[in-house]
Amino acid sequence: MQTILGASGQIGRELALSLKREFTSNIRVVSRNPKKINDTDEAISADLMDPQQTLDAVKGSEIVYMTAGLPIDSQMWVERWPVMMRNVIDACATHGARLVYFDNTYMYPQTNTPQREDAPFQPNGPKGRARAEITRMLLDAMEQGRVEAVICRAPEFYGPGQTQSITNTTVIDNLLAGKPAKVFLRDDTLRSLIYTPDASRAMAWLGNAADAYGQTWHLPCDDNRLTYKQFVELAADVFGTSSNYKVLKRWQLWLASRFNKTIAETEELLPRYSTDNVFISDKFKARFPEFKVTTYREGLTAIREQ
């Protein structure tokens, strides 16, 4: 049994499809309001804030994928992430399940230094500190031999379906609606973006590779990095829309954040939009040379056709 915790999000959904397509039909999908993704899935309702429900959800699993997410709310992240991670680690330790954890880069330094798996944790706000805390919790559990795990880390998303990211919200959704795209701070810095189906498929490959455990892996991105100007122009070409966009200056974002909580919650991430953001996934590509990374044009075309 391979179990996906947080299967209702885009990453969990794509992961279930990838597992069924390439590895197994013995899949359990877990969320508060679960729905089967493949016809053969077992759907279980569980709240990961509850230790007993988490234990019950993990029972009988060989591999557990932690893909759960929380709304972009600092207080919620600080209060809930440590509890959820502790419950998942304890459940995997109790049942002898291997854990595949889907991580992000909120805790990385927001500089132009290329990001590799050994990048230091230097969070710039409460959400980054929360992610650093729970990742350290898992690393400690791995070092202590409590759980066999692999950490899969991804940069910002773009993708189809219900993909939630700044790029989807400010660029892709606006262009598809015939509106000008919005770009944070600068349009001339390089961005690292991962296509959500690639992230999920790469997780499935790592989870089913025995030699991947005990390590952190950067999930694979298109190495043809683009500036937001180039990304907007490419997206507009693929979508057949205008490539108009506005660069939002820091003062404009500050003003908007006074009235919009979602924008306020992005404040700790703004430094990464003022400089190149280069995420290196060479380690994964060397281990899995047969993995085909989706190009930006291919990904945007799939979004247009959904």
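The values are calculated or read from the model by the stated rules, or taken from the named source; none is laboratory data. Being a predicted model, the structure only gives us computed values, none of them experimental. Positions of Cβ are generated from backbone atoms using ideal geometry, with glycine treated the same way; all protein chains shown enter the neighbour counts.
A compact table of results
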{"item": "Residue within the range 275-291 that is of a type in the set (Ser, Thr, Tyr) and under 17 Å from TYR195 (Cβ atoms) present", "result": "yes"}
{"item": "Residues of the range 188-211 satisfying the condition of being closer than 25 Å to THR113 by Cβ and surrounded by fewer than 18 Cβ atoms within 10 Å (Cβ to Cβ)", "result": "ASP188, LEU190"}
{"item": "Set LYS246, LYS229: member being outside the structural domain of PHE23 (by TED's automatic domain parsing) and either within 22 Å of the chain's Cα centre (by Cα) or free of Cβ contacts under 8 Å to residues at least 60 places away in the same chain (or both)", "result": "LYS229"}
{"item": "Subset tally (residues that are surrounded by fewer than 17 Cβ atoms within 10 Å (Cβ to Cβ), modelled with pLDDT of 95 or more and more than 19 Å from the chain's Cα centre (by Cα)) for the range 214-226", "result": "1"}
{"item": "Conditions (1) closer than 15 Å to THR216 by Cα; (2) in contact with a Ser or Thr (Cβ under 8 Å, 6 or more places away or on another chain); (3) not hydrophobic (A, V, I, L, M, F, W, C): number failed by PRO120", "result": "(2)"}
{"item": "Residue list for the range 146-201, restricted to those being part of a loop (DSSP other than H, G, I, E, B), closer than 14 Å to HIS218 by Cα and within 10 Å of the chain's Cα centre (by Cα)", "result": "ALA154, PRO155"}
{"item": "Meets criteria (surrounded by fewer than 16 Cβ atoms within 10 Å (Cβ to Cβ), in contact with a helix residue (DSSP H, G or I) (Cβ under 9 Å, 6 or more places away or on another chain) and not assigned by TED's automatic domain parsing to the domain that holds PRO180) for ARG287", "result": "yes"}
{"item": "ALA235 of a type in the set (Gly, Ala, Ser), surrounded by 19 or more Cβ atoms within 10 Å (Cβ to Cβ) and assigned by TED's automatic domain parsing to the domain that holds LEU176", "result": "yes"}
